[in-house]
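J.: Dropping a structure here in structure tokens format, bear with me for questions.
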Amino acid sequence: MLEEIKSYWYKLKTEYEKRYNKPFLKDFETSKEYLERMKSYLLEKQEESPSDVDVVCTLASVEMELRDEKFDYIEFLLNFLNEFKKSLSDNDKARIFTNLAFWEDFSKDSLMYLNKAKDLNSPFVETYTGLGLYYFSEYEYSKDEKNLLVSCNYFKIAREMEESYLTSFNFAVSLFELKEYEKAKEIFLSLLEIYPNRMRLLLCLAYCEVYLENKYEAMSYVEKVKPGQDYNYNLNTDDISEDQIIDVYYALEEYDIFLNLCGDCVEYYYIAEWEEYFYVLWLKNQKERFFSLEEKNRKYFEESISEAISDEDYESEKEKQETIVSWEEDKRNFEEMISKIKSGASRPEIKLKLYPEYSCFMVDCVRHKFI
């Protein structure tokens, strides 16, 4: 049934793109008509075959794309599961549980559904990708390496099931975070052969070389990286922020390049906690710049505290006092940081950090699996 469903989807997609000359689902208002037609088609199929998993899972995804606030994705799939659980195979149940887990968005219920799917020996790579992402997010929150080890194991399983850019990238990122830099580098290099000049991969390789103490190699990679969206590729991780590049030059102690790249960031971003920037200014004897930014930030905190005191738009006196205390603490931390640097404190350490691709792991996502 799934091939038949996809065939009808492609028919609608082709018709849409011929009519509007732009990708299907790029614009909701123009795509809505075709999504409604897809929904009608699936509802007819559901009447013919009420227990068909291909139909119900695709229908749930289409309903989600239609943004109907009255539609309850979880309730819809759970009702189907309860009604037909005796006739559904373990693979069918694992598929539904994985879809439910994605919708629950890394909550405890998400983990519960993923574990249910895993316990049914889910044949879907999305199940293990979801588990890997869940435990990686737990690692980010708790800093507990046990979560990272579990995440890495699930990413490894996903890659063994399906060796793709996504599964390989996620596995390599978890290896990097485990300080397995050579192993991570090997995977990133293999991906770069398939996806040449991919900015994210070049940055990942630069990070690996920094920790492997290969300065020349790290420089050769990071020099090729451009900030912003890599328009040749379209994942969330293909968007590179300036600070991710800047951090490499700081880690390599290339301070002149570091300061040069920091230029625009200093004007537009909050820098009061950017200890390494103030440290390098002081180290490179750029005292005028240092003192100017010191005074600018000090004034900012003083004005913020004054505004918090005079502001009457609070729900309670407690909220007001908490806001004032928070600003006073921020100012105190800033003053301590500045004082420490002036006193000759040791070089602030930074950690170059990589993240997996936190993207859709729904088995039946029409947006990502049909297009």
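J.: For TYR279, all conditions in the list (1) touching a Lys or Arg at 6+ places or on another chain (Cβ under 8 Å); (2) under 30 Å from LEU178 (Cα atoms); (3) open to solvent by 40 Å² or more (accessible area, probe 1.4 Å) hold save one; what is the number of the exception?
T.: Going through the list (1) touching a Lys or Arg at 6+ places or on another chain (Cβ under 8 Å); (2) under 30 Å from LEU178 (Cα atoms); (3) open to solvent by 40 Å² or more (accessible area, probe 1.4 Å), TYR279 breaks only (3).
J.: Can we say GLU104 is acidic (Asp, Glu), touching a helix residue (DSSP H, G or I) at 6+ places or on another chain (Cβ under 6 Å), over 30 Å from LYS179 (Cβ atoms) and surrounded by fewer than 21 Cβ atoms within 10 Å (Cβ to Cβ)?
T.: Working: acidic (Asp, Glu): yes; touching a helix residue (DSSP H, G or I) at 6+ places or on another chain (Cβ under 6 Å): yes; over 30 Å from LYS179 (Cβ atoms): yes; surrounded by fewer than 21 Cβ atoms within 10 Å (Cβ to Cβ): yes.
It is true that GLU104 is acidic (Asp, Glu), touching a helix residue (DSSP H, G or I) at 6+ places or on another chain (Cβ under 6 Å), over 30 Å from LYS179 (Cβ atoms) and surrounded by fewer than 21 Cβ atoms within 10 Å (Cβ to Cβ).
J.: Further question: Would the range 175-185 turn up any residue that is touching a residue at least 60 places away in the same chain (Cβ under 8 Å) and open to solvent by less than 70 Å² (accessible area, probe 1.4 Å)?
T.: Yes, the range 175-185 has at least one match.
J.: From the set of residues in the range 109-148 that are open to solvent by 60 Å² or more (accessible area, probe 1.4 Å), of a type outside the set (Lys, Arg) and more than 21 Å from MET161 (Cβ to Cβ), which is modelled with the highest pLDDT?
T.: Result: MET112.
J.: Go through (1) among the hydroxyl-bearing types (Ser, Thr, Tyr); (2) in contact with a Ser or Thr (Cβ under 8 Å, 6 or more places away or on another chain); (3) in a helix (DSSP H, G or I); (4) more than 12 Å from PRO356 (Cβ to Cβ) for SER122 and report which single condition fails.
T.: The single condition SER122 does not satisfy is (3).
J.: Would it be correct to say that TYR8 is in a helix (DSSP H, G or I), open to solvent by less than 70 Å² (accessible area, probe 1.4 Å), within 17 Å of GLU63 (Cβ to Cβ) and modelled with pLDDT of 80 or more?
T.: Judged against the criteria, TYR8 is a match.
J.: With respect to VAL55, determine if the residue is touching a residue at least 60 places away in the same chain (Cβ under 8 Å), in contact with a Lys or Arg (Cβ under 7 Å, 6 or more places away or on another chain) and assigned to a helix (DSSP H, G or I). Spell out the reasoning first.
T.: Details: touching a residue at least 60 places away in the same chain (Cβ under 8 Å): no; in contact with a Lys or Arg (Cβ under 7 Å, 6 or more places away or on another chain): yes; assigned to a helix (DSSP H, G or I): yes.
For VAL55, the condition - touching a residue at least 60 places away in the same chain (Cβ under 8 Å), in contact with a Lys or Arg (Cβ under 7 Å, 6 or more places away or on another chain) and assigned to a helix (DSSP H, G or I) - is not met.
J.: Next question, about the same structure. Only residues that are under 16 Å from the mean Cα position of the chain (by Cα) and open to solvent by 80 Å² or more (accessible area, probe 1.4 Å): list them for the range 226-238, please.
T.: Step one: list which residues in the range 226-238 are under 16 Å from the mean Cα position of the chain (by Cα), which gives 228-230, 233-238.
ASN234, ASN236 - these are the residues of the range 226-238 that are under 16 Å from the mean Cα position of the chain (by Cα) and open to solvent by 80 Å² or more (accessible area, probe 1.4 Å).
J.: A follow-up question, please. Hey, among the residues in the range 196-219 that are open to solvent by 60 Å² or more (accessible area, probe 1.4 Å) and either aromatic (Phe, Trp, Tyr) or under 23 Å from the mean Cα position of the chain (by Cα) (or both), which one's farthest from ALA172 (Cα to Cα)?
T.: Of everything passing the filter in the range 196-219, TYR216 is farthest from ALA172 (Cα to Cα).
J.: Being within 27 Å of GLU63 (Cα to Cα), among the polar types (S, T, N, Q), at pLDDT below 95 and open to solvent by less than 60 Å² (accessible area, probe 1.4 Å) is the requirement here; does ASN91 meet it?
T.: It is false that ASN91 is within 27 Å of GLU63 (Cα to Cα), among the polar types (S, T, N, Q), at pLDDT below 95 and open to solvent by less than 60 Å² (accessible area, probe 1.4 Å).
J.: Just one of (1) within 30 Å of TYR73 (Cβ to Cβ); (2) open to solvent by 20 Å² or more (accessible area, probe 1.4 Å); (3) over 16 Å from the mean Cα position of the chain (by Cα); (4) among the aliphatic types (A, V, I, L, M) trips up LEU166, so point out which.
T.: (3)
J.: Right, here's the next one. Has the range 246-259 got at least one residue that is open to solvent by 70 Å² or more (accessible area, probe 1.4 Å), without any contact (Cβ under 8 Å) to a residue 60 or more places away in the chain and closer than 30 Å to SER304 by Cβ?
T.: no
J.: Now a separate question. How many residues does the range 14-49 contain that are of a type in the set (A, V, I, L, M, F, W, C) and under 28 Å from the mean Cα position of the chain (by Cα)?
T.: Of the residues in the range 14-49, 4 are of a type in the set (A, V, I, L, M, F, W, C) and under 28 Å from the mean Cα position of the chain (by Cα).
J.: Still on this structure, I have one more. Going by the structure shown, is TYR231 among the hydroxyl-bearing types (Ser, Thr, Tyr), assigned to a loop (DSSP other than H, G, I, E, B) and over 30 Å from MET337 (Cβ atoms)?
T.: In short, yes.
J.: Can you tell me which of LYS26, LYS85 is surrounded by fewer than 17 Cβ atoms within 10 Å (Cβ to Cβ), over 28 Å from SER122 (Cα atoms) and modelled with pLDDT under 90?
T.: Working: LYS85 fails: over 28 Å from SER122 (Cα atoms).
Answer to the selection: LYS26.
J.: Just name the residue that is nearest to ASP92 (Cα to Cα) out of those in the range 29-45 that are in contact (Cβ under 8 Å) with a residue 12 or more places away in the chain and open to solvent by 50 Å² or more (accessible area, probe 1.4 Å).
T.: Taking the range 29-45 as the starting set, the residues that turn out to be in contact (Cβ under 8 Å) with a residue 12 or more places away in the chain are 30-32, 34-39, 41-43, 45.
Remaining after also requiring open to solvent by 50 Å² or more (accessible area, probe 1.4 Å): 32, 36-37, 43.
Details: LYS32: 29, GLU36: 26, ARG37: 26, LEU43: 19 Å.
Among those residues, the one meeting the criterion is LEU43.
The values are calculated or read from the model by the stated rules, or taken from the named source; none is laboratory data. Remember, it's a predicted structure, so these values are computed and weren't measured experimentally. Positions of Cβ are backbone-derived with ideal geometry, glycine not excepted, and every protein chain shown enters the neighbour counts. For the accessible areas, the whole protein counts, side chains as well, though only heavy atoms, and no ligand, DNA or RNA atoms are used. Shrake-Rupley method; radii C 1.70, N 1.55, O 1.52, S 1.80 Å.
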